[in-house]
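First up is the structure itself, then whatever we jot down about it.
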Amino acid sequence: MTTVTLAGQGVCGGSAEGEALVSDADLALSLIDPDTGVITQPAHPLRGQSVAGRVLVFPSGSGSSSGSYRLLHLSELGHAPAAIINNQANAVVVAGAVLGGVPVLHKVSPDPVRAIRSGDRVSVDAVSGRITVTRDER
């Protein structure tokens, strides 16, 4: 087991833990199916994967403000990510996270898109800005 600690700025407070789902492509929250948590964004590297209960790591949000309401809806239906880690959070991600109660961190060092791998176990504390990543090296 390898453990790595990252530091960032909490944007929407709270703490969570879950399996990482990582992409190097921006994500339009409005293109996540609220009934399943599955990403439906065409040509996105994570298309077909569920964000439900996972720590979602991606550079930034894209798309319109409808993404904020989609994150709220995902939360209401129990399919929201446990937490979101961005290189640079945008207004769509932040508003949706506040509405849905999803912890968000950004401005993380080292770069979370490169330091965290899908499948890693990630613990997030958006109040202290601390992210702990545990990886099974088998």
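Taken together, the values in this text are just the output of simple stated rules run on the coordinates, not laboratory data. All values reported here derive from a predicted model rather than from experimental measurement. Glycine gets a Cβ as well: all are built from the backbone with ideal geometry, and neighbour counts include every protein chain shown.
Placing a label point 7 Å from the Cα of Val98 along the Cα-to-Cβ line, the residues of the range 6-37 whose backbone N sits under 12 Å from it are 11-13.
Placing a pseudo-label 7 Å from each Cα along the Cα-to-Cβ vector at Met1 and Thr36 gives an inter-label distance of 3.3 nm. Here the relative contact order of the chain, from alpha carbon pairs under 8 Å that lie six or more residues apart, stands at 38 percent.
In a Gaussian network model over the chain where Cα atoms closer than 10 Å are linked, find which of Arg117, Arg47, Arg70 has the largest mean-square fluctuation. Of Arg117, Arg47, Arg70, the Gaussian network model singles out Arg47 as fluctuating most. Ranked by how many other Cβ atoms sit within 10 Å of their own Cβ, fewest first, the residues Leu56, Leu77, Leu72 fall in the order Leu77, Leu72, Leu56. For the chain, the Cβ-based charge dipole about the Cα centre amounts to some 180 debye (Lys, Arg positive; Asp, Glu negative; other atoms uncharged). So in the range 2-135, what percent of DSSP beta bridges are antiparallel if you round to the nearest 5? Percentage antiparallel, nearest 5: 70. Calculated FRET efficiency, Ala43 to Glu19, Cβ-Cβ distance, R0 = 30 Å: about 0.80 to the nearest 0.05.
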